[in-house]
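Q: Here it is: the structure, laid out below.
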Amino acid sequence: MSVITILDSFDKEVLEQSYEKNGFNHSYLLRKKDDIIELTKRLKEEEYFLETITAVDKKEKIRLIYIFNKMQKVHRVAVYLDIDYSEDVPSLIDFFKSADWFESEVYDFFGVKFTGNPNLKRLLTPEGMEGYPLLKSWKAEED
């Protein structure tokens with residue numbers, strides 16, 4: 001089954017589809033955050049793996065970026081999900097153990113909480129640090 005067929009059943013916006021421009025065969029913006037679970041399940045059934053999860057602060061929201069790929073034949077798919085700053089997102093740890101690290105890193109830098117991740121913690125910033133350094137609203141502590 002193709003990625004296009006899989007994604008046809010989800011409420012989404014098709015984004016840039018030029019591999020030469022962005023390095024992805026397909027890019028989609030999901031409109032419902034809970035769809036990430038069903039989409040991940042279907043992609044895993046088609047032998048995709050989770051390459052990474054990252055995020056970007058878009059000032060009015062946080063955009064999560066999930067990148068899936070295949071080993072047999074490279075076929076990178078970027079799935080975007082826009083959330084409010086205080087919104088939780090379902091964890092993908094039940095499908096991919098690597099999600100544990102990726103989700104913790106996004107939590108560490110953006111403050112996004114992934115429900116269902118039993119090990120969500122700061123990885124690279126000091127324990128007890130106030131705020132999240134990759135948010136545009138973050139102000140560095142003065143020495």
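The values are calculated or read from the model by the stated rules, or taken from the named source; none is laboratory data. Everything quoted here is computed from the prediction, not taken from an experiment. As a convention, Cβ positions derive from the backbone with ideal geometry for all residues, glycine included, and neighbour counts pool all protein chains shown.
Q: Among the numbered conditions (1) closer than 30 Å to Thr5 by Cα; (2) of a type outside the set (D, E, K, R); (3) modelled with pLDDT under 95; (4) surrounded by 17 or more Cβ atoms within 10 Å (Cβ to Cβ), tell me where Phe114 comes up short.
A: Only one criterion in (1) closer than 30 Å to Thr5 by Cα; (2) of a type outside the set (D, E, K, R); (3) modelled with pLDDT under 95; (4) surrounded by 17 or more Cβ atoms within 10 Å (Cβ to Cβ) is unmet by Phe114, namely (3).
Q: Same structure, new question: Somewhere in segment 57-72, is a residue touching a Ser or Thr at 6+ places or on another chain (Cβ under 6 Å) and either without any contact (Cβ under 8 Å) to a residue 40 or more places away in the chain or not basic (Lys, Arg) (or both)? Walk me through how you get there before you give the answer.
A: Our first condition is that a residue be touching a Ser or Thr at 6+ places or on another chain (Cβ under 6 Å); within segment 57-72, this holds for 65, 67.
Now drop any that are not either without any contact (Cβ under 8 Å) to a residue 40 or more places away in the chain or not basic (Lys, Arg) (or both), which leaves 65, 67.
For segment 57-72, residues touching a Ser or Thr at 6+ places or on another chain (Cβ under 6 Å) and either without any contact (Cβ under 8 Å) to a residue 40 or more places away in the chain or not basic (Lys, Arg) (or both): present.
Q: Something else about it: Could you check segment 64-86 and list, in sequence order, the residues that are in a loop (DSSP other than H, G, I, E, B) and either loosely packed, with under 13 Cβ neighbours inside 10 Å or among the aromatic types (Phe, Trp, Tyr) (or both)? Steps first, answer last, please.
A: Pass one, segment 64-86, residues in a loop (DSSP other than H, G, I, E, B): 71-76, 84-86.
Passing the criteria: Met71, Gln72, Lys73, Val74, Asp84, Tyr85, Ser86.
Q: Output yes when any residue across segment 15-25 is of a type outside the set (Phe, Trp, Tyr) and either part of a strand (DSSP E or B) or at pLDDT 95 or above (or both), and no when none is.
A: Residues of segment 15-25 of a type outside the set (Phe, Trp, Tyr): 15-18, 20-23, 25.
With the extra rule that they be either part of a strand (DSSP E or B) or at pLDDT 95 or above (or both), the set shrinks to none.
Looking through segment 15-25, none of the residues is of a type outside the set (Phe, Trp, Tyr) and either part of a strand (DSSP E or B) or at pLDDT 95 or above (or both).
Q: Condition test on Lys113, is it free of Cβ contacts under 8 Å to residues at least 60 places away in the same chain, out of contact with any strand residue (DSSP E or B) (no Cβ under 9 Å at 6 or more places or on another chain) and under 27 Å from Asp11 (Cα atoms)? Walk me through how you get there before you give the answer.
A: Values: free of Cβ contacts under 8 Å to residues at least 60 places away in the same chain: yes; out of contact with any strand residue (DSSP E or B) (no Cβ under 9 Å at 6 or more places or on another chain): no; under 27 Å from Asp11 (Cα atoms): yes.
It is false that Lys113 is free of Cβ contacts under 8 Å to residues at least 60 places away in the same chain, out of contact with any strand residue (DSSP E or B) (no Cβ under 9 Å at 6 or more places or on another chain) and under 27 Å from Asp11 (Cα atoms).
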